[in-house]
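Novice: My questions will all concern the structure given below.
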Amino acid sequence: MPSERTVKPPHLAIDARPLPRRSPFARVLSGFAALAAGEVVNKLIAAAVSIYLARVLSAAGFGLVGYATALATYFVLGVDLGLDFLATREVARQPAAAGSYARRLIALRLAAATVVTACYLGVALVLPLEPAARVTVALYGLLFFPYALTPKGVLLGLERRRPWALAQVVGQLVFGAGCVAIVSSPAESWRVPVVQALADTAQAAVALLALRSLLRAPGTLGWPLLATLRQALPFAWAQGMRLLNYNFDVLLIYSLFGDAANGAYLAAYKIVLLFIGFGALYGMTLLPAIARYYPQELSALPRFVGSSLGLTGAVVLPIAVGGSILAEQGVALVYGPGYQAAVLPLRALLLTVALTVLGSAFRNVLIGCNRQRQDLALVTAAAVLNVLLNLLITPRFGLTGAAVVTVCSDTVVLLGGWLLARRLLGPVPLVRPLAPALVATGVMAILLLVLLAWLPWPGAAALAGIGYGGVFAWLGGLGRLREALHAR
């Protein structure tokens, strides 16, 4: 494995272009807005479909689908191979290599999908499940080939965000329409992965159409397939560790407490993932921007990262704290009766929204600056801690214990990423950019708790939100964000 400090071969040398005169942070926000426009539609459809499935499948059927999804997601890593992260970083630096990267990515993944599908079906057939449940789990093996054909990393590296947003929306529309059309009872759980496979195929088709001219263009990468794979594997391992961090509790709860408990836990997770998804979307736009700073402009990165933390903190901190306070009302509104067990886990899991989104800034610094091994060590340590704590705590404290474990491991990623970024770049701010949002969130929480005793929760939430905005502006938070947007 080449050293992390080693620059890629000459044909992939880092572009020496100066950074654009436009504020890099403004460029990130512009890209995020382009993706978020489609993602709003995407998330609303996904949320509506999740609510629909939670209601028609019951907690037990919803838990089975969640278990199968979690299991299949581990195998997806064997298809992904870390190539999306590698392509995003390298194509951002060398756009001329985009077509070669796309062809190589698809070729490697199709070969991997063949092997992974066979392995997954073998595992599904030997699981100790009822025959109907085994069929549902096995049918998730249909997802691997559509995933292999999706060149997400190349699109993001080229900053062609609108085609990727469109592809996701098309996929969600197909999935939503299919579920509503043919899934109406717990006995039809097996139809969910079939619809998902059709939706993923539609998403891949739209993404490939967006790159059709590049895919046909002549030229080769000049970098052997095995070398490409070696460069990508650290990203794949890091993805696996993050997946273990988020999915091990789902598999453990299903094994210990059964379908219904797992369904309640997944109901809480679905709400949390709705917000984390937007954080991941922001991270997609952040990585190419950070990659362009390396290695010429490292001294400018701390300010850039501070601006990013100021913006994301202003959004995610009130969501995490306010959502935790209103968890009971949120579960009742979204899922209805039968999901009361999701309330306490949701209170804890919402804190991971802030931890994950803020921590992603430091992880992107490591990845964008060719320190993927350090990122790998960090997320591996967090995943090992997560597994050990889950094995100790979840059997005794149930769903809430599992949620608290996730908070602990995400805290490790945030603080560890910050320390590693400081080691690379020198002083990197953490508390200072977040100070206005932290204070304003504390005031909002007090207001919300007081107002809930006098007003219905929508009114209390609205007034507390106004209080948050006023305190945030008074402390200079808006001014700092405006300054970041105009900085060169």
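Novice: Looking at the structure I just gave you, is A348 out of contact with any Lys or Arg (no Cβ under 8 Å at 6 or more places or on another chain), closer than 19 Å to G401 by Cα and of a type outside the set (S, T, Y)?
Specialist: yes
Novice: I've got another one for you. With respect to L389, determine if the residue is of a type in the set (A, V, I, L, M) and buried (at least 21 other Cβ atoms within 10 Å of the Cβ).
Specialist: Answer is no for this residue.
Novice: Continuing with the same structure: Select from the range 337-393 the residues that are without any contact (Cβ under 8 Å) to a residue 24 or more places away in the chain and outside any helix (DSSP H, G or I) and list them in ascending order.
Specialist: Within the range 337-393, just P337 meets the criteria.
Novice: Kindly establish whether Y101 is of a type in the set (F, W, Y), in a helix (DSSP H, G or I), within 24 Å of L376 (Cβ to Cβ) and more than 21 Å from the chain's Cα centre (by Cα).
Specialist: Yes, satisfied.
Novice: Please determine, by comparing only the residues of the range 182-217 that are closer than 15 Å to V65 by Cβ and among the charged types (D, E, K, R), which one is surrounded by the most Cβ atoms within 10 Å (Cβ to Cβ).
Specialist: Result: R191.
Novice: So, one more: Among the helices (runs of 4 or more DSSP H) contained in the range 141-191, which hold 3 or more residues that are touching a Pro at 6+ places or on another chain (Cβ under 8 Å)? Break it down into steps so the answer makes sense when it comes.
Specialist: Numbers: elements: 144-148, 152-157, 161-182.
Passing ranges, in order: 152-157.
Novice: Output the residues belonging to the range 438-462 that are part of a helix (DSSP H, G or I), more than 30 Å from the chain's Cα centre (by Cα), surrounded by fewer than 16 Cβ atoms within 10 Å (Cβ to Cβ) and aliphatic (A, V, I, L, M).
Specialist: I446, L449, V450
Novice: Of the residues V56, V40, which single one is of a type in the set (A, V, I, L, M), in contact with a Ser or Thr (Cβ under 7 Å, 6 or more places away or on another chain), at pLDDT 60 or above and surrounded by fewer than 20 Cβ atoms within 10 Å (Cβ to Cβ)?
Specialist: V56
Novice: Name, by its number, the condition in (1) modelled with pLDDT of 95 or more; (2) under 30 Å from D375 (Cα atoms) that does not hold for A435.
Specialist: So A435 meets the others, but not (1).
Novice: Still on this model: Y335 passes all but one of (1) crowded, with 23+ Cβ neighbours inside 10 Å; (2) within 24 Å of T88 (Cα to Cα); (3) at pLDDT below 85; which number fails?
Specialist: (2)
Novice: Moving on to the next point. Since A403 meets every condition but one in (1) at pLDDT 90 or above; (2) surrounded by fewer than 23 Cβ atoms within 10 Å (Cβ to Cβ), which condition does it not meet?
Specialist: Only one criterion is unmet by A403, namely (2).
Novice: Can you confirm whether V412 is touching a Leu at 6+ places or on another chain (Cβ under 9 Å) and either part of a helix (DSSP H, G or I) or modelled with pLDDT of 90 or more (or both)?
Specialist: Values: touching a Leu at 6+ places or on another chain (Cβ under 9 Å): yes; either part of a helix (DSSP H, G or I) or modelled with pLDDT of 90 or more (or both): yes.
Judged against the criteria, V412 is a match.
Novice: If you take the residues in the range 126-140 that are part of a helix (DSSP H, G or I) and out of contact with any helix residue (DSSP H, G or I) (no Cβ under 7 Å at 6 or more places or on another chain), which one is surrounded by the most Cβ atoms within 10 Å (Cβ to Cβ)?
Specialist: Taking the candidates together, the pick is V135.
The values are calculated or read from the model by the stated rules, or taken from the named source; none is laboratory data. Quantities reported herein were computed from a predicted structural model and do not represent experimental measurements. Backbone-built Cβ (ideal geometry, glycine too); neighbour counts: all protein chains shown.
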